[in-house]
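Notes follow the structure.
Read-outs: derived from the displayed coordinates by stated rules, not from any lab. As the structure is a prediction and not an experimental result, all values here were calculated from the model. Cβ sites come from the backbone with ideal geometry, for glycine too, and all protein chains shown count toward neighbours.
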Amino acid sequence: TKIIAYHVRDEELDIIQKWEKEHGVEVKTVENQLSADNIHLAEGFDGLTTSQNKPLPDGVYETLRSLGIRQIAQRSAGYDVYDLEEATKNNIIVSNVAVYSPESIAEFTLTQALMLVRKVRRIEERKEERDFSWQPEIQGRLLGEMTVGIIGTGHIGRTAAKLFNAMGAEVLGYDIYPNDEAKEFLEYKESIEEVIKQADVVSLHMPATDDNHHQFNYDMFKQFKPTAYLINNARGSIVDTEGLIKALDDGLLAGAALDTYENESSYVPRDNRETGINDEVFNAVLDHDKIMYTPHIAYYTNVSVRNIMTIGLDSTLEVIQTGDTKNRVNDI
Ligand code: NAD
């Protein structure tokens, strides 16, 4: 059995080698994403996996079918680059990796909350100036005495709730579909408004949908406590970034940690040192002293990297061996 894996980074090669040995399967790796230039390399392989965020080549599903390949195993949770109907028409199974390490994003959320309430950025800046005096501007608060609001209480949200709960915080939650697992760590409220009015930290963990585009806007921030913090590790589009900046400038809330920005896709993940950032709003985020920005790295741990690759290869092999996979996202 032979699998071809596109868009493989150097740090993933050891994981692949180990998987090859464990499964007795050969994996050929390609550095780039799947494209019109390199799709022919898939000829003669039994299965294909990629981590695609660029558009797929035209007619990709017909081409794969003609090469005898029956599936694409996407190595990420999101799969919006795929035309699922077209894939189904061509008998191509598309799979994703929906859950790979909720703990990774949850632990980063806790990190951000602690950095915000302990004013770590300001402490670092003062260190650079050699100002080691104790002043109220760097006096911290105790997360354990705070109320934390979790919006979206799925795999990641409820894991974050568990961590905040362990810190002693009172955790409130809102979800359009509440679940019993989360109830162990948080108290559900009937509306987002009820949560944000009481919360000292509001953390977003729901998917981006048509309904929640810019749901967190200037009017919503009016209902926040002026001392509250917002954390967004979900999707940039949920927050109206300009509204957030204005709300921070007007003192409607105290600060924010953003791991996602609504128009990040041309800049993240990549090295922008040569070209800079040509997006006024993004630059305002990066320069704002009340915003802690990180480039979509909440997920990025050794465990996530290992699980994403391993689950992607497992799904590929599952289709080769059984004709289907539990991680399939299209109809067949
Ligand atoms: P999940 O599907 O397990 O949970 C999502 C929860 O949100 C579900 O309980 C669902 O009912 C709820 N929900 C859906 N729409 C909602 C709405 N409008 N309001 C309130 N709740 C709503 O997903 P997950 O694995 O916990 O991931 C959550 C999100 O985290 C993903 O959609 C993704 O956008 C984001 N994410 C970010 C990173 C990162 O590195 N920053 C990594 C992985 C995932």
Counting other Cβ atoms within 10 Å, keep those with at most 12, restrict to DSSP loop, and tell me which chymotrypsin sites (Phe, Trp or Tyr not before Pro) in region 67-161 are left. 132, 134
With a bin width of 10 angstrom, please list the P(r) values of region 292-332 as percents of all Cα-Cα pairs, from the 0 bin to the one holding the largest distance. 25, 36, 25, 12, 2
Could I get the Rg over Rh figure for region 71-206? Both from C-alpha atoms, Rh via Kirkwood, rounded to two places. 1.14
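How large is the Kirkwood hydrodynamic radius of region 112-182, counting all unique pairs of alpha carbons, in Å?
Details: mean 1/r = 0.0723 Å⁻¹.
Its Kirkwood hydrodynamic radius stands at 13.8 Å.
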Please compute one quarter of the surface area of the Cα convex hull for the chain and express it in square nanometres. 19.1 nm²
Distances longer than 19 Å among the Cα atoms of region 51-149: what percent of all pairs is that? 63 percent
Diffing region 278-290: the Karplus 3J(HN,Hα) column from phi (6.51, -1.76, 1.60, θ = phi - 60°), in whole Hz with x for Gly and Pro, holds 9, 9, 4, 5, 4, 4, 5, 5, 5, 8, 6, 6, 9
List every residue whose amide H lies under 5 Å from the amide H of residue 71, counting only residues 5 or more places away in sequence or on a different chain, with H placed 1.01 Å from N in the peptide plane. 48, 93
Suppose R0 equals 41 Å; then what is the FRET efficiency for residue 107 and residue 218 from their Cβ-Cβ distance, rounded to the nearest 0.05? 0.85
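For the chain, what is the relative contact order in percent, using Cα pairs closer than 8 Å and at least 6 residues apart in sequence? Mind showing how you got there, number by number?
Working: 604 pairs, mean separation 60.5, N = 332.
The normalised contact order for the chain reaches 18 percent.
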Straight-distance crosslink candidates among lysines, where the alpha carbon sits under 19 Å from residue 225 and sequence neighbours closer than 8 are dropped: 119, 189, 197, 246, 290
Vicinal HN-Hα couplings computed from phi for region 100-113 (Karplus, 6.51 cos²θ - 1.76 cosθ + 1.60; Hz; Gly/Pro x): 10, 5, x, 4, 5, 6, 5, 5, 5, 4, 4, 4, 4, 4
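Mean separation of Cα pairs under 8 Å and 6+ residues apart, divided by the residue count of region 3-67: what relative contact order is that in percent?
On the way: 71 pairs, mean separation 28.4, N = 65.
Answer for region 3-67 is 44 percent.
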Count the DSSP beta bridges whose two residues both fall in the chain, then state the antiparallel fraction as a percent rounded to the nearest 5. 5 percent
As a test of the formula, what do you get for the chain when each DSSP H run with n ≥ 4 contributes -39,500 (n - 2.57) and the sum is divided by the residue count, at 222 nm and rounded to the nearest 500 deg cm²/dmol? -10000 deg cm²/dmol
What full-extension length gain, to one decimal in nm, is calculated for residue 2 and residue 274 as 0.36 nm per residue of separation minus the Cα-Cα distance? 94.0 nm
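Is region 173-332 rounded, prolate or oblate when judged by the Cα gyration tensor, a ≥ b ≥ c being the square roots of its eigenvalues, rounded requiring a/c under 1.5 and prolate requiring a/b larger than b/c? Could you put the intermediate results ahead of the total?
Values: a/c = 2.37, a/b = 1.35, b/c = 1.76.
Note, shape of region 173-332 comes out oblate.
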Residue of 118, 126, 235 that the Gaussian network model of the chain assigns the largest fluctuation, springs spanning Cα pairs under 10 Å: 126
Counting only residues 5 or more apart in sequence or on a different chain, those whose built amide H sits under 5 Å from that of residue 188 are 173
Which cross-chain or sequence-distant (5 or more) residues have an amide H under 5 Å from the amide H of residue 292, H modelled 1.01 Å from N in plane? 256, 257, 258
With each label point set 7 Å from Cα along the Cα-Cβ vector, what nm distance links residue 289 and residue 58? 5.3 nm
Are there any GluC sites (Glu not before Pro) in region 238-332 that are in a DSSP loop and have at most 14 other Cβ atoms within 10 Å? List them by number. 274
What percent does the relative contact order of region 101-226 come to when contacts are Cα pairs within less than 8 Å and at least six residues apart? 25 percent
Please sort by residue number the trypsin sites (Lys or Arg not before Pro) in region 1-91 whose DSSP state is loop and whose Cβ has at most 12 other Cβ atoms within 10 Å. 9
